[in-house]
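Colleague: Here you go, one structure.
The values are calculated or read from the model by the stated rules, or taken from the named source; none is laboratory data. A quick note: this is a predicted structure, and the numbers were derived from the prediction, not measured. A quick note on method: Cβ atoms are made from the backbone with ideal geometry, for glycine too, and the neighbour counts reach across all protein chains shown.
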Amino acid sequence: MMIKQLHPKQSLYLLILCLLVLLLAACDLLTSPPTGSDGILAPNAPQLPNAPSETAVVTEVIDGDTINVLLDGRSYRVRYIGIDTPERDEACFADATEANANYVEGMTVRLVQDTNNTDRYDRLLRYVYVDAVLVNAELVAGGWAESKRYPPDDALFDYLEELESSAADQQLGCHPAGVFAP
């Protein structure tokens, strides 16, 4: 078998192409939510056993802290309690949205109410669990969301605040982008 020798320009283009492919692969790794060895960043997430809850299927991920679900045959928009993620015009918006999607897209979730049922936009306000994993906490622990107190819905604020402090110290997720300025 005869191997054709490439022209130097062709070799350079091939090298650049290979480097671009490697760079894109590395970027994909950076935007996926990091997970611990057990797949959970926020172990021992608090449960709210006496709080009202319901089970739904995620039909669409809107952004890092908002989803659409199918609940009892109806579509609802759900806003995660206690967190905030970058908005559409801010750095890290796509990364936070992708992190949320990696946790909940197409999944059956348990929606747990704190105090209020809905916000002023008629979105359900909920803590979102996939099995025993509190997605709100996972997003904060991975640096994709910041903790936010929205009284009176703040039963888990202190827990989320601790997770945010740790993620900021480690410069995880969106923290290097500076979108969660104090």
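Colleague: Part of a strand (DSSP E or B), hydrophobic (A, V, I, L, M, F, W, C) and under 20 Å from GLN47 (Cβ atoms): is that true of VAL140 in this structure?
Modeller: Details: part of a strand (DSSP E or B): no; hydrophobic (A, V, I, L, M, F, W, C): yes; under 20 Å from GLN47 (Cβ atoms): yes.
Judged against the criteria, VAL140 is not a match.
Matching residues to (1) modelled with pLDDT under 95; (2) of a type in the set (D, E, K, R); (3) over 20 Å from the mean Cα position of the chain (by Cα); (4) more than 23 Å from ASN116 (Cα to Cα):
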{"site": "LYS9", "(1), (2), (3), (4)": "yes, yes, yes, yes"}
{"site": "CYS27", "(1), (2), (3), (4)": "yes, no, no, yes"}
{"site": "LEU30", "(1), (2), (3), (4)": "yes, no, no, yes"}
{"site": "THR35", "(1), (2), (3), (4)": "yes, no, no, yes"}
{"site": "ASP38", "(1), (2), (3), (4)": "yes, yes, no, yes"}
{"site": "PRO46", "(1), (2), (3), (4)": "yes, no, no, no"}
{"site": "GLU54", "(1), (2), (3), (4)": "no, yes, yes, no"}
{"site": "VAL57", "(1), (2), (3), (4)": "no, no, no, no"}
{"site": "LEU71", "(1), (2), (3), (4)": "no, no, yes, no"}
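Colleague: Might you check whether a residue that is part of a loop (DSSP other than H, G, I, E, B) and surrounded by fewer than 22 Cβ atoms within 10 Å (Cβ to Cβ) occurs anywhere in the stretch 55-71?
Modeller: Checked the stretch 55-71: no residue is part of a loop (DSSP other than H, G, I, E, B) and surrounded by fewer than 22 Cβ atoms within 10 Å (Cβ to Cβ).
Colleague: Which residue pairs have Cβ atoms closer than 6 Å, lie 6 or more positions apart in sequence or on different chains, and pair a first residue in the stretch 164-180 that is touching a residue at least 40 places away in the same chain (Cβ under 8 Å) and on the phi > 0 side of the Ramachandran plot with a second residue that is crowded, with 21+ Cβ neighbours inside 10 Å and assigned to a loop (DSSP other than H, G, I, E, B)?
Modeller: If the second residue must be crowded, with 21+ Cβ neighbours inside 10 Å and assigned to a loop (DSSP other than H, G, I, E, B), the pairs left are GLY173/GLY142; GLY173/GLY143; GLY173/TRP144.
Colleague: Moving on to the next point. Test of understanding: among TYR121, TYR159, TYR103, TYR76, which residue is assigned to a loop (DSSP other than H, G, I, E, B) and either of a type in the set (Phe, Trp, Tyr) or touching a residue at least 12 places away in the same chain (Cβ under 8 Å) (or both)? Outline the logic, then answer.
Modeller: Working: TYR159 fails: assigned to a loop (DSSP other than H, G, I, E, B); TYR103 fails: assigned to a loop (DSSP other than H, G, I, E, B); TYR76 fails: assigned to a loop (DSSP other than H, G, I, E, B).
The match here is TYR121.
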